[in-house]
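Take a look at the structure set out below.
The values are calculated or read from the model by the stated rules, or taken from the named source; none is laboratory data. None of these values were measured; they are calculated from a predicted model. Here Cβ is always computed from backbone atoms with ideal geometry, including for glycine, and neighbour counts include all displayed protein chains. We work out accessible area using only protein heavy atoms, side chains counted, and drop any ligands, DNA or RNA first. Shrake-Rupley method; radii C 1.70, N 1.55, O 1.52, S 1.80 Å.
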Amino acid sequence: MPASDRSDVFRVPGFVGYWASYTVSGFGTYITTVALQVLVLADLGGDAVDVGLLNGARWLPYLVLGLVVGALVDRRRRKPLLIGADLGRAALLLGIPLLLIVGWLSIPAVLALVVGIGLLSLIGDAASQSLVPRIVPRSALVAAHARTDQSDALAETAGPLVAGSLVTALGAPVAVIVDAASYLLSAVAIWRVRVEEPVSSGGDRRRLGSEIAEGLRWVYRHRMLRPMALGSHGWFFFNSILVTVFTPFVLVGLRLTPFQLGVALAGAGAAALVGSSLSLRVGLRWGAGRAVILSNVVMLVGWSVIALAPPTASPWVVVAVLAVGQGLYGLGLGLSNANEMGYRQAVTPDGLQARTNTTMRSANRAMIVVGAPLGGVLATSLGFRPALWIAIVGMFVVTALLALSPFRSALHQADAIPGDP
């Protein structure tokens, strides 16, 4: 694909269907993210520690099974796995309102369902991310991820607002039904995608360990992927603390309503749309490494604004400050993801795509499993603002180390796959 056409990935056969699947499920996920946290805090009498456990539970399967799933997905066709994961997640999400109806809904029950959803998300994410390079030419991967990031931004803008309205009007368990429906629609959309996938014999079970080790070596011996991976792990750890503390900080510490929380969160989505729209241009001009480092700096400023939100101002002034902070955070996310994902997939051979994806994502999600509950503990023991500042300082250190690493000079490749780590 010529450079001038890289942004027009909708002309690539199959990408529209993949984009539709990604977009509709992503919209529902943002609704559930807000709804479940409100459910734990408001309906089930939980606290910041419970929110941390909730945020960590979804990613626990990545910690336990991530490397194994990555190796197994590389042996299979990815489209059927993605469809099955979508259908399974829809079924588990419907369990939340069903448990409410029979009077069995509790925090442990919610956590158990979220762990199940996390396992299916592990399979679905591995299949989804590994399917993209089979649909889109490597030279257009950054543009493809920029398009999906734009979808994320729109979902992040509208999702919290819709979630806040649904939770206020109908209750959090009912709002989760929207996400279940989104996964059903996602399964239909991806089912309609036509993509050629090699048929695998399934591999030798005895070689599973060596295949996992091959994925680990590829990531952590690669001159550019190694610092990018380590920087990503550190970022996820401290970001999970910030995200966990944010919701109880807003609802309990600042005494705002779920709708006002949704308005504040929408700031991230609106700005993420701008960031994702600029990500291809920034990445090609400055390089993948500098684009990611710049993104981290912007996010640091955003979280600092949030930590400085005035507690005594009128509620909507506080919401405005939080929305500005979330906006800077979203802008950084929008600039970063397409460049990081596009670079990683472009330098990785097809046979290693799922293992590379789950190797990095498993470690990243392990950081959430540890960081999210820690955020709840810090908020409960030290207070919301001290917990935020501890994580902000940690993220600054991670960004500084990444800026000093070889990854700062990483550039996007057109079609070549650097095979020498």
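Values as computed for the structure displayed
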| quantity | calculated |
| --- | --- |
| Selection within segment 57-80 - of a type outside the set (A, V, I, L, M, F, W, C) and either open to solvent by 20 Å² or more (accessible area, probe 1.4 Å) or at pLDDT below 80 (or both) | ARG58, GLY66, GLY70, ASP74, ARG75, ARG76, ARG77, LYS79, PRO80 |
| Among the candidates ALA163, ALA175, ALA181, ALA169, residue that is assigned to a helix (DSSP H, G or I), among the aliphatic types (A, V, I, L, M), without any contact (Cβ under 8 Å) to a residue 60 or more places away in the chain and on the phi < 0 side of the Ramachandran plot | ALA169 |
| Residues that are assigned to a helix (DSSP H, G or I), of a type in the set (A, V, I, L, M) and either in contact with an Asp or Glu (Cβ under 6 Å, 6 or more places away or on another chain) or open to solvent by 10 Å² or more (accessible area, probe 1.4 Å) (or both), drawn from segment 219-240 | LEU230 |
| Boolean, TRP303 is aromatic (Phe, Trp, Tyr), part of a helix (DSSP H, G or I), surrounded by fewer than 24 Cβ atoms within 10 Å (Cβ to Cβ) and at pLDDT 85 or above | no |
| Residue in segment 107-128 that is in a loop (DSSP other than H, G, I, E, B), in contact (Cβ under 8 Å) with a residue 60 or more places away in the chain and polar (S, T, N, Q) present | no |
| Number of positions in segment 175-188 that are open to solvent by less than 20 Å² (accessible area, probe 1.4 Å), out of contact with any Pro (no Cβ under 7 Å at 6 or more places or on another chain) and at pLDDT 85 or above | 5 |
| Residue list for segment 134-145, filter: at pLDDT 80 or above and under 15 Å from GLY351 (Cα atoms) | ARG134, ILE135 |
| Residue among ILE107, ILE83, ILE117 that is hydrophobic (A, V, I, L, M, F, W, C), open to solvent by less than 50 Å² (accessible area, probe 1.4 Å) and within 16 Å of the chain's Cα centre (by Cα) | ILE117 |
| From the options LEU284, LEU294, LEU333, LEU322, residue that is in contact (Cβ under 8 Å) with a residue 60 or more places away in the chain and within 20 Å of the chain's Cα centre (by Cα) | LEU333 |
| Candidates THR348, THR358, THR312 - the one that is outside any helix (DSSP H, G or I) and surrounded by 23 or more Cβ atoms within 10 Å (Cβ to Cβ) | THR348 |
| Single unsatisfied condition, SER200 versus (1) of a type in the set (S, T, N, Q); (2) open to solvent by 20 Å² or more (accessible area, probe 1.4 Å); (3) at pLDDT 80 or above | (3) |
| Matching entry among ALA391, ALA400 (being farther than 30 Å from ARG78 by Cα, modelled with pLDDT of 95 or more, assigned to a helix (DSSP H, G or I) and open to solvent by 20 Å² or more (accessible area, probe 1.4 Å)) | ALA400 |
| Options ALA172, ALA126, ALA153, ALA143; residue that is open to solvent by less than 10 Å² (accessible area, probe 1.4 Å) and closer than 22 Å to SER362 by Cα | ALA126 |
| Selected residue (criterion: farthest from VAL219 (Cα to Cα)) from residues of segment 315-345 that are touching a Pro at 6+ places or on another chain (Cβ under 9 Å) and open to solvent by less than 10 Å² (accessible area, probe 1.4 Å) | VAL318 |
| Checklist (1) over 25 Å from PRO373 (Cβ atoms); (2) over 19 Å from the mean Cα position of the chain (by Cα); (3) without any contact (Cβ under 8 Å) to a residue 60 or more places away in the chain applied to PHE15, failing item | (3) |
| The one condition in (1) in contact (Cβ under 8 Å) with a residue 12 or more places away in the chain; (2) surrounded by fewer than 23 Cβ atoms within 10 Å (Cβ to Cβ); (3) over 23 Å from VAL347 (Cα atoms) that LEU98 fails to fulfil | (1) |
